[in-house]
Every structure is written in C-alpha cells, then in structure tokens.
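Enquirer: Below are the structure tokens for one structure; questions will follow.
The numbers here are math on the coordinates, done by the rules we state, and not lab data. Remember, it's a predicted structure, so these values are computed and weren't measured experimentally. Because the Cβ atoms are built from the backbone with ideal geometry, glycine has one as well, and the counts that use them run over all protein chains shown.
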Amino acid sequence: MSDYAAPKIFVRYIGDDGEEWDNEYTETTPAAGQFVFRGAQAYRVAEVWDIQEKHGGVEYGLTAFLDSVDVMEHRLGKHVPVYYDVFKG
C-alpha cells in the first residue's frame, strides 16, 4: 500500500432507465463492459465519455452511460443467489 493518497475521480453515471447519479470518490475510471451495482439495480457500462465542453448538454468531466442488466444472469447473482434474487422483484 502506498503512503500517498490515491487521487479521486468525479464520474457521472447515466442509466438507460432514467437514473442519474454522481460519484465524487471513484479511484478508477469506469470501463466499457464493467458492471455497476447500485441500490437494487445492476448495470453494465456501455460507453464512457470524457466531456470537455463546459457548457454542453451533459456535465463536464467523465460520464458513464449504463445499460440495465439482470444481476441473476451474471456471475455476481449466481455467486450469491440467495442474496441477489430478492432484487429481481
């Protein structure tokens, strides 16, 4: 472990289900194909954009566009199905 603090990266997440949130303390840049589990919803990162326009339609900085996925169809849900099955509704 390093004696130096890891830089924090601000990332905006925009889901295909209308959900949007910010994470001010990310230590790594999200990558396409990566999964995100937030609340009761699982997502796959579809695209990551570095928005340079300060007055554009999407806030300046890193933005990850997400597609909703069923957690039970992926390894996380299959690894602990007793826990994640409750999120299916």
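Enquirer: When the range 30-49 is examined, which residues are found to be of a type outside the set (Phe, Trp, Tyr) and in contact with a strand residue (DSSP E or B) (Cβ under 6 Å, 6 or more places away or on another chain)?
Expert: Correct list: Pro30, Ala32, Gln34, Val36, Ala42, Arg44, Val45, Ala46, Glu47, Val48.
Enquirer: Grab the strands (runs of 3 or more DSSP E) fully contained in the range 1-85, keeping just those with 3 or more residues being exposed (fewer than 13 other Cβ atoms within 10 Å of the Cβ) and on the phi < 0 side of the Ramachandran plot.
Expert: 20-26
Enquirer: Of the residues Ala32, Ala46, Ala42, which is touching a helix residue (DSSP H, G or I) at 6+ places or on another chain (Cβ under 9 Å) and either basic (Lys, Arg) or within 28 Å of Tyr83 (Cβ to Cβ) (or both)?
Expert: Residue meeting the stated conditions: Ala42.
Enquirer: If Gln52 satisfies all but one of (1) in contact with a strand residue (DSSP E or B) (Cβ under 8 Å, 6 or more places away or on another chain); (2) farther than 29 Å from Asp85 by Cα, what's the number of the condition it fails?
Expert: (1)
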